Amino acid sequence: MLQFPQIDPVALSLGPLQIHWYALTYIAGFAAAWWLGGRRADAPDSGWSRNDVSDLITNSAIGVILGGRIGYMVFYNFGSLVDNPLSLFAIWRGGMSFHGGFLGVCVAVWLFARSRWKSLFDVSDFVAPLAPLGLAFGRLGNFINGELWGREAGVPWAIVFPQDPAQLARHPSQLYQFALEGISLFVIVWLFSSRTRPRFAVTGVFILGYGMFRTFAEFFREPDAHIGFVAFDWMTKGMQLSIPMILVGSVIIFGAYRAKWFTGSGKGEKG
C-alpha cells in the first residue's frame, strides 16, 4: 500500500489568483494538440494550414469545456440541474464529463468543417489523433486532485487518498485511465493514422478504442457515490456511456472499410 504523494493542487499563487494544476493539465492538453496538429499541417499536400489548426483547436477547446460541463450536469448530476439550473455555471465546484466534452467537440468540428468548406469526415480524422494526449493530461489532473479514485484494492500499488473519508487502499484508477485512454490510445490512433486509411476510419478507431479502454477501466474505478451502479450491480454510468461508443466505432470502421459509406470514390484519405 502506498500513501498519496503530497501534491498541492494549487500550482502557483499570485496574490488572490490561484492557478491549479488541473487547469494547467487542460492547457497542456490543448498545447499538445496544437503542436501535433501543426506537425501534420506542415506535411506536404496536407490541405491544412497552421491557422486552420489554431482555429480548430480553439473551437475544440470551447467544445470540451462547454460540453464537458453540460454533460456532467446532465449525465451525472441531473437532479441538481433540475432543482437549480444555475448550478450549471458553478464550475468552481468541479464536475466535467468526457462524454459531454466529446459531444461538444463533435459540434465544434462540424461547425469548423462548415466554415472552411472541408469534409466533416476529413476534419474528424485530422483531430482524432490529437485528442488522447489531452485525455492523458486530464487524468493526471484527476490524480493530483485526489478525485475519481478507484475501488478498494489489495494490490501493492494501492493508494490511500487523503480526500477519501473511508481512508481505504484503492486502485489508482486515474493512472490506469492515463495509461489506457491517454497514452495507449494515442499510440494506437497516431500510428494508425500515419498511413493512408479510408475516410472516417481513424475516427472510428478512436471511438472504438476509447469505448473499450474506458469500459475496462470502469471495473477498477469507484462508482460515483450519488449514482452507484446503474444496472446489474456492476455497470457504472461510465460504462453505460462508453459501451455505445464500442458499437458506434465498430460500425464506423465497417462502413469505412467494407461499405465505403464515407467516400464515393472508395479511395483512401490521409487521416
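The values are calculated or read from the model by the stated rules, or taken from the named source; none is laboratory data. Computed from a predicted structure; not experimentally measured. Don't worry about glycine lacking a Cβ; one is built from the backbone with ideal geometry, like all the others, and counts go over all protein chains shown.
Is there a residue in region 44-51 that is under 19 Å from the mean Cα position of the chain (by Cα) and within 14 Å of Val127 (Cα to Cα)? No, region 44-51 contains no residue that is under 19 Å from the mean Cα position of the chain (by Cα) and within 14 Å of Val127 (Cα to Cα).
Going through (1) under 24 Å from Gly38 (Cβ atoms); (2) under 18 Å from the mean Cα position of the chain (by Cα); (3) among the basic types (Lys, Arg) one by one, Arg69 falls short only on (1).
Checking each residue in region 207-251 for being under 30 Å from Phe121 (Cβ atoms) and over 19 Å from the mean Cα position of the chain (by Cα) picks out only Val251. Restricting attention to region 74-86, the residues being surrounded by fewer than 16 Cβ atoms within 10 Å (Cβ to Cβ), in a helix (DSSP H, G or I) and not aliphatic (A, V, I, L, M) number 4.
Just one of the listed residues (Val202, Val127, Val189, Val155) is under 17 Å from Gly101 (Cα atoms) and at pLDDT 95 or above, and it is Val127. Here's a check for you: in region 161-215, which residue that is basic (Lys, Arg) and surrounded by fewer than 22 Cβ atoms within 10 Å (Cβ to Cβ) is nearest to Ala28 (Cα to Cα)? Filtering first and then ranking leaves Arg195.
Asn145 meets each of the listed conditions (1) polar (S, T, N, Q); (2) under 26 Å from Ala31 (Cβ atoms); (3) out of contact with any His (no Cβ under 9 Å at 6 or more places or on another chain) apart from (3). Restricting Leu148, Leu208 to residues that are aliphatic (A, V, I, L, M), closer than 30 Å to Val109 by Cα and part of a helix (DSSP H, G or I) narrows the list to Leu208. Within region 151-196, being assigned to a helix (DSSP H, G or I), over 21 Å from Tyr22 (Cβ atoms) and of a type outside the set (A, V, I, L, M) holds for Ser184, Trp190, Phe192, Ser193.
Listed here are the residues, each with its yes/no results for (1) under 22 Å from Val205 (Cα atoms); (2) in contact with a helix residue (DSSP H, G or I) (Cβ under 6 Å, 6 or more places away or on another chain).
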residue	(1), (2)
Ala61	yes, yes
Met73	no, yes
Leu88	no, yes
Gly104	yes, yes
Trp117	no, no
Asp122	yes, no
Leu140	no, yes
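Asn59 falls short on exactly one of the conditions (1) at pLDDT below 95; (2) in a helix (DSSP H, G or I), and that condition is (1). Cβ separations smaller than 6 Å between residues 6+ apart or across chains give the following pairs from region 167-189 residues that are without any contact (Cβ under 8 Å) to a residue 40 or more places away in the chain to residues that are among the polar types (S, T, N, Q): Gln174/Asn142. Would you confirm whether or not region 252-259 contains a residue that is assigned to a loop (DSSP other than H, G, I, E, B) and without any contact (Cβ under 8 Å) to a residue 12 or more places away in the chain? Within region 252-259 (the criterion being assigned to a loop (DSSP other than H, G, I, E, B) and without any contact (Cβ under 8 Å) to a residue 12 or more places away in the chain), the answer is no, since none of the residues qualifies.
Restricting the first residue to region 120-132 and requiring it to be of a type in the set (S, T, N, Q), which pairs with a second residue that is not in a helix (DSSP H, G or I) meet a Cβ separation below 7 Å and a spacing of at least six or different chains? Between residues of region 120-132 that are of a type in the set (S, T, N, Q) and residues that are not in a helix (DSSP H, G or I), the close pairs are Ser124/Phe200. Evaluating Ile91 against the criteria (1) in contact with a Lys or Arg (Cβ under 9 Å, 6 or more places away or on another chain); (2) closer than 20 Å to Trp21 by Cα; (3) buried (at least 18 other Cβ atoms within 10 Å of the Cβ) leaves one unmet condition, (3). You will find that of Arg40, Arg114, the residue that is part of a helix (DSSP H, G or I) and in contact (Cβ under 8 Å) with a residue 60 or more places away in the chain is Arg40 and no other. Phe232 meets all of the listed conditions (1) free of Cβ contacts under 8 Å to residues at least 12 places away in the same chain; (2) at negative phi but one, namely (2).
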